[in-house]
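Novice: The structure follows.
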Amino acid sequence: MKKSGIVKIVIIGVVLAALVVGYFYYLSSKGKQNDEEVVESTAVQAVLMRDLDKNYPPTPKEVVKYFNEISKCFYNEKYTESELYDLAMKIQGIYDDELVANKSEEQYLKDLQSDIDDMKNQDRTLSSYELSASTDVEEFVENGYSCARLYCTYSIRQGTKMISSRVVFILRKDDNGHWKILGWDLDD
């Protein structure tokens, strides 16, 4: 009787030990799979991965937020010439057709590069931005188009100084119901 009790305890002990070892193996292999799946992307790559056809920003505030994400890439990040071109085309995807039509692609790229160079030569970076609250977005109708006005305050770092600038954005809904940036200007 004692032998069968000892055998049962040994069998149960072996089964429990196998379960513990199996569980630790499962956890360690799961951790390795997650480590292998994580691919770090730069801020530039993250912005470029957004498919505006499938994932267009739904509100005026979100459109300006995406504009600012791209702008931070222009002024703060490192990128290749092809990434700069892709960023420029991505930002034009949230511009109103009327705004895009104001310049040829070549002139737009030249002016953009000049603006980026000016910021870098003055040792300026876009530190942060703060958008109007959603309740402060003013929607109105002009010439039969749904439009929106909102404000964004930028903090620009120049060396050790911080410069604050407030910009007003005007957006207009296109035929697909997407809010597009029609223009912006410094707020008085």
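The values are calculated or read from the model by the stated rules, or taken from the named source; none is laboratory data. Keep in mind the model is a prediction, meaning the values are calculated, not measured. Using ideal geometry, Cβ is built from the backbone for each residue, glycine included, and neighbour counts are taken over all protein chains shown. Accessible surface areas use protein heavy atoms only, side chains included; no ligands, DNA or RNA. Shrake-Rupley method; radii C 1.70, N 1.55, O 1.52, S 1.80 Å.
Novice: If the label point is 7 Å along Cα→Cβ of Ser41, which residues in region 49-74 have backbone nitrogen under 13 Å from it?
Specialist: 49-52, 55
Novice: Using the basic label-point model (7 angstrom from Cα toward the beta carbon), what is the Tyr26 to Asp136 distance in nanometres?
Specialist: With each label placed 7 Å out from Cα toward Cβ, I get 5.2 nm.
Novice: Over 24 Å, how big is the tail of the calculated P(r) for region 8-141, in percent of all Cα pairs?
Specialist: 52 percent
Novice: Using R₀ = 22 Å, calculate the FRET efficiency as 1/(1 + (r/R₀)^6) where r is the Cβ-Cβ separation of Thr153 and Thr125; round to 0.05.
Specialist: Given R0 = 22 Å and the Cβ-Cβ separation, E is 0.90.
Novice: What helices in the chain pass both tests, a Cα length along the helix axis of 15 Å or more and a mean Kyte hydropathy of 0.0 or higher, using whole DSSP H runs?
Specialist: The answer, listed by residue number, is 2-37.
Novice: OK, next. Taking R0 as 30 Å, what's the FRET efficiency between Ser146 and Lys54 from their Cβ-Cβ distance, rounded to 0.05?
Specialist: Working from the Cβ atoms, E equals 0.85.
Novice: Would you calculate, for the chain, the mean residue ellipticity at 222 nm contributed by helices, counting each DSSP H stretch of 4 or more residues as -39,500 (n - 2.57) and dividing by all residues, to the nearest 500?
Specialist: For the chain, the value works out to -16500 deg cm²/dmol.
Novice: A further question on this structure: Give me the percent of the accessible area of the chain that comes from carbon and sulfur atoms, probe 1.4 Å, all protein chains in place.
Specialist: Answer for the chain is 52 percent, counting heavy atoms of protein chains only.
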